[in-house]
Amino acid sequence: MFIGEHTFKVDGKGRVSIPADFRRELELGDPLAAETGRPRMVIVYGHDKQKQLIVHTYEGYRALASDIARLPRGSEKRKIMERMILNRARPTEVDNDGRLVLPQPLRDKIALDGVAYFAGMGETFEIWKPETHEAVDAMISEKWLEEQGEDFDPLSLLDDLEG
């Protein structure tokens, strides 16, 4: 599981260190990682308004692609998911130094320059420009907390699982 937050410098060639605990998760999510020592992953850059890169383990992405393939052929949902998740994705791998190389088009898409913010999201992790993440997170949190009230406990959202 990808959890926590990390910030790392991005060099001029787009190389950025991957947090050590995230690398271990990527290794667990790629059956060939033990052989190669270079776990594979898939970066989904998505639609034009998406402000972050979403990184899946190799096996996690394969499972997601399988879920999409189970949708009815030609259905609107399947077409959208194929376009936004399958078509707008880039497979890659960890380099020998534990880094990820982010190609210039992906850095340009999220306006990444100099520093990358890694956000653990459970099954995936996201890569953001730190200032963008801060602004989006503040906006979402403030709106949500206003709607829920001052004494809101996020764990109460799990109440829907009971029953």
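The values are calculated or read from the model by the stated rules, or taken from the named source; none is laboratory data. All values reported here derive from a predicted model rather than from experimental measurement. Note that we place each Cβ from the backbone using ideal geometry, even for glycine, and neighbour counts take in every protein chain shown. Surface areas here come from the heavy atoms of the whole protein model, side chains and all, with no ligands, DNA or RNA. Shrake-Rupley method; radii C 1.70, N 1.55, O 1.52, S 1.80 Å.
Specify whether the C-alpha gyration tensor of the range 27-95 places it in the rounded, prolate or oblate class, a ≥ b ≥ c being the square roots of the eigenvalues: rounded for a/c under 1.5, otherwise prolate if a/b is larger than b/c and oblate if not.
Numbers: a/c = 3.58, a/b = 1.63, b/c = 2.20.
The shape class here is oblate.
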- Message: Going by Cα centres, the range 80-105 and the range 1-36 are how many Å apart?
- Response: 13
- Task: Answer with one residue from 64, 103, 39: the one whose Cα lies farthest towards the positive end of the charge dipole of the chain, charges on Cβ with Lys, Arg +1 and Asp, Glu -1.
- Result: 103
- Message: Explain nothing, just the number: relative contact order of the range 36-106, from Cα pairs under 8 Å at least 6 residues apart, as a whole percent.
- Response: 43
- Query: For the chain, modelled as a GNM with alpha-carbon contacts under 10 angstrom, which of 22, 152, 118 fluctuates the most?
  - Reply: 152
- Query: If you roll a 1.4 Å probe over the heavy atoms of the protein chains, what accessible area per residue do you get for the range 95-163, in Å²?
  - Reply: 67
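With a cut-off of 8 Å between alpha carbons and a minimum separation of six or more residues, what is the relative contact order of the chain in percent? Please list the in-between numbers first.
Values: 239 pairs, mean separation 50.8, N = 163.
Relative CO of the chain lands at 31 percent.
Determine the dipole magnitude for the range 1-119: charges of +1 sit on the beta-carbon of Lys and Arg, -1 on that of Asp and Glu, nothing else is charged, the reference point is the Cα centre, and the result goes in debye to the nearest 20.
560
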- Task: Excluding residues fewer than 8 places away in the same chain, name every one of the aspartates and glutamates whose C-alpha is closer than 20 Å to that of residue 9.
- Result: 21, 93, 95, 97, 108, 113, 126, 131, 134
- State the percentage of accessible surface on the chain attributable to carbon and sulfur atoms; use a 1.4 Å probe and exclude ligands, DNA and RNA. 52
- Which one is right for this structure if P(r) over Cα pairs in 10 Å bins from 0, in percent is calculated from it: [x] 9, 27, 22, 20, 15, 6, 1; [y] 11, 43, 39, 8, 0; [z] 10, 33, 34, 20, 4, 0? [z]
- Query: Looking only at 19, 72, 31, which one moves most when the chain is put into a Gaussian network model with springs between Cα atoms under 10 Å?
  - Reply: 72
